[in-house]
1. Can you give the calculated 222 nm mean residue ellipticity of the chain, where each DSSP H run of n ≥ 4 adds -39,500 (n - 2.57) and the sum is split over every residue, rounded to the nearest 500 deg cm²/dmol?
2. If you line up the long axis of helix 70-83 against the longest principal axis of the chain, both from Cα atoms, how many degrees apart are they, to the nearest 10?
3. Please report the spacing between the Cα centers of region 64-79 and region 124-193 in Å, no decimals.
4. Averaging sequence separations of C-alpha pairs under 8 Å and six or more residues apart, then dividing by the length of region 102-145, give the relative contact order as a whole percent.
5. Could you compute how fast region 83-193 diffuses translationally, taking Rh as the Kirkwood radius over C-alpha pairs and applying Stokes-Einstein at 25 °C with viscosity 0.890 mPa s? Give it in µm² per second.
6. For the ranges 127-133, 58-64, 28-34, what's the packing order if you count other beta-carbon atoms within 10 Å of each residue, average per peptide, and put the highest first?
7. Just the Cα atoms of region 83-122: what Rg and Dmax do they give in Å?
8. Need one number for the chain: average projected area of the convex hull over its C-alpha atoms, nm².
Ligand code: GRF
């Protein structure tokens, strides 16, 4: 599939499970003229995700899927993705692991943002583990999604200094602020040429 920048923006779905602050920053970015993407669909596994509020605020279609049966959920999501002609998926705090089958079937790109300097600290509790290991630097990474957790090709990273005073929650805040800038930058890097 050609993802060229022409008059039409690349139709994008954002997958969330919680607060959705990255979703908000992506929506704001998508509304800029320079953005190669438009956000056309918000998908969540969590009906209580706070980020779903952005659907109403920004008038973007939202869909919630019950992951009790992952296979069925993914089949339904796939149908929705096709129906909406989605070409790019941005995972943004989506807490479910997408199956290899889904990744292979989706004929587009899937991106994720992770709150560490990958390949360090894959998985959960990244800030806690970085501080416990006396790291002086942490940060965030935007990467392509492959079938291994937090392991796809890295697009961009941003370092964040860890000070002696940092706790997992202060570090999370600092990193999140950088995430909001990094995701749009990574998308520009991929699609602008
Ligand atoms: C971010 O730190 C993201 O990197 C991680 O989960 C958090 C989601 O935050 N995967 P938000 O829902 O975008 O506010």
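Read-outs: derived from the displayed coordinates by stated rules, not from any lab. Small disclaimer: the values here were computed from a predicted structure and weren't measured. Don't worry about glycine lacking a Cβ; one is built from the backbone with ideal geometry, like all the others, and counts go over all protein chains shown.
1. Details: 6 runs with 67 residues, N = 193.
Rounded to the nearest 500, it is -10500 deg cm²/dmol.
2. The angle comes out near 60 degrees.
3. 28
4. Details: 42 pairs, mean separation 23.7, N = 44.
Reported relative contact order: 54 percent.
5. Numbers: Rh = 14.7 Å.
Value of D from the Cα-based Kirkwood radius: 167 µm²/s.
6. Working: 127-133: 16.7, 58-64: 14.4, 28-34: 12.6.
For the peptides 127-133, 58-64, 28-34, the packing ranking is 127-133, 58-64, 28-34.
7. In order Rg, Dmax, the Cα atoms of region 83-122 give 11.9, 37 Å.
8. Numbers: hull surface 43.4 nm².
Averaging across all directions leaves 10.8 nm² for the Cα convex hull.
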